[in-house]
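The values are calculated or read from the model by the stated rules, or taken from the named source; none is laboratory data. Remember, it's a predicted structure, so these values are computed and weren't measured experimentally. Glycine gets a Cβ as well: all are built from the backbone with ideal geometry, and neighbour counts include every protein chain shown.
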Amino acid sequence: MMSTYAIGDIQGCFSTLQALLAKIHFDPKQDRLWFTGDLVNRGPQSLEVLRFIKDLGDQHDTVLGNHDLHLLAVAYGVGKSAQKDTLQAILAAPDRHELIEWLRHRPLLHGGDHHHYVLTHAGIAPQWSLTQAIALAKEVETVLRSDRPELFLRHMYGNQPDQWQETLQGPERWRCITNYFTRMRFCYADGRLELAYKGKREHAPQDLMPWFLVPDRRNADVDILFGHWAALGGVTDIPHVYALDTGCVWGHALTAMRLEDQQRFSVQRDPASP
């Protein structure tokens, strides 16, 4: 019987991914894998992760996370490597071009009209309906998949604008859309992003709240799978919102959720493993 498993942020922890797939008895001939993005960076085996997931072909779907986009910006020469980056093996690989081409054709959002669940890296802006989110994701995907992806990547970094407005245009519009999909954690009650605060949920300033608790959220009835927010520990405490990043790269666990029955499976990262 075919199963679909959604898996949280891997960030180069290839050995732990393999242990998790063994635990769920993943059968590449019939099962499917959904990945929340952040396939690469900070962990030790980002190259192996990219090669493995790319080679899964039609048996998987993955969305782009902020670390994946950072890799693309560095690969295209419009972003600078950070001290903590672990991307050099990819950038020096003989199949670098094929991997980068494959990665830049991944979406920001997967699912929608014909899927019970929707998959994205950080979440969906509280102000957006699902129909609107699908359309806005495609705007960024179109420019990223064009013959000039650097037009987007060069202007991707930054925290402004921090509030979605339909009147936004060009790089500012793309940046705002991307920040909601790939960097969002906390928002104000009007849906404005707060990207500077990265502390614990219980210690957040009183006027901040998790994006999924913003009042009158327009996508509250959508089943959203997301990663990015390891500090949640996989817990949101509300229906329809499923947090899957359980901090593997920080020495915690990698988690998969079987979509057919919402059962979760986790494997602790072995500190001695690569």
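Only one of these conditions is not met by Leu109: (1) under 23 Å from Ala243 (Cα atoms); (2) more than 19 Å from the chain's Cα centre (by Cα). Which number is it?
Only one criterion is unmet by Leu109, namely (2).
Taking Asn159 as the residue in question, decide whether it is loosely packed, with under 15 Cβ neighbours inside 10 Å, within 24 Å of Lys80 (Cβ to Cβ) and not acidic (Asp, Glu).
Numbers: loosely packed, with under 15 Cβ neighbours inside 10 Å: yes; within 24 Å of Lys80 (Cβ to Cβ): yes; not acidic (Asp, Glu): yes.
The answer is yes for Asn159.
Exactly one of (1) modelled with pLDDT under 95; (2) out of contact with any strand residue (DSSP E or B) (no Cβ under 7 Å at 6 or more places or on another chain); (3) among the aliphatic types (A, V, I, L, M) is unmet by Ala204. Its number?
Every condition holds for Ala204 apart from (2).
Here are some residues: Ala243, Ala189, Ala272. Which one is at pLDDT 95 or above and either surrounded by fewer than 16 Cβ atoms within 10 Å (Cβ to Cβ) or not hydrophobic (A, V, I, L, M, F, W, C) (or both)? Before the answer, list the steps.
On the way: Ala243 fails: either surrounded by fewer than 16 Cβ atoms within 10 Å (Cβ to Cβ) or not hydrophobic (A, V, I, L, M, F, W, C) (or both); Ala272 fails: at pLDDT 95 or above.
Checking each option against the conditions leaves just Ala189.
Select from the stretch 127-165 the residues that are within 22 Å of Ile224 (Cβ to Cβ), out of contact with any strand residue (DSSP E or B) (no Cβ under 6 Å at 6 or more places or on another chain) and in a loop (DSSP other than H, G, I, E, B) and list them in ascending order.
Listed by number, the residues that qualify are Gln127, Trp128, Ser129, Gln163, Trp164.
Scan the stretch 21-52 for residues that are buried (at least 24 other Cβ atoms within 10 Å of the Cβ) and farther than 16 Å from Leu64 by Cα and jot them down.
Scanning the stretch 21-52 gives a single hit, Gly43.
For the stretch 229-264, which residues satisfy the criterion of being assigned to a loop (DSSP other than H, G, I, E, B) and among the polar types (S, T, N, Q)?
Here is the first cut: in the stretch 229-264, the residues assigned to a loop (DSSP other than H, G, I, E, B) are 229, 233-240, 244-246, 251-252, 259-262.
Across the stretch 229-264, the qualifying residues are Thr236, Thr246, Gln262.
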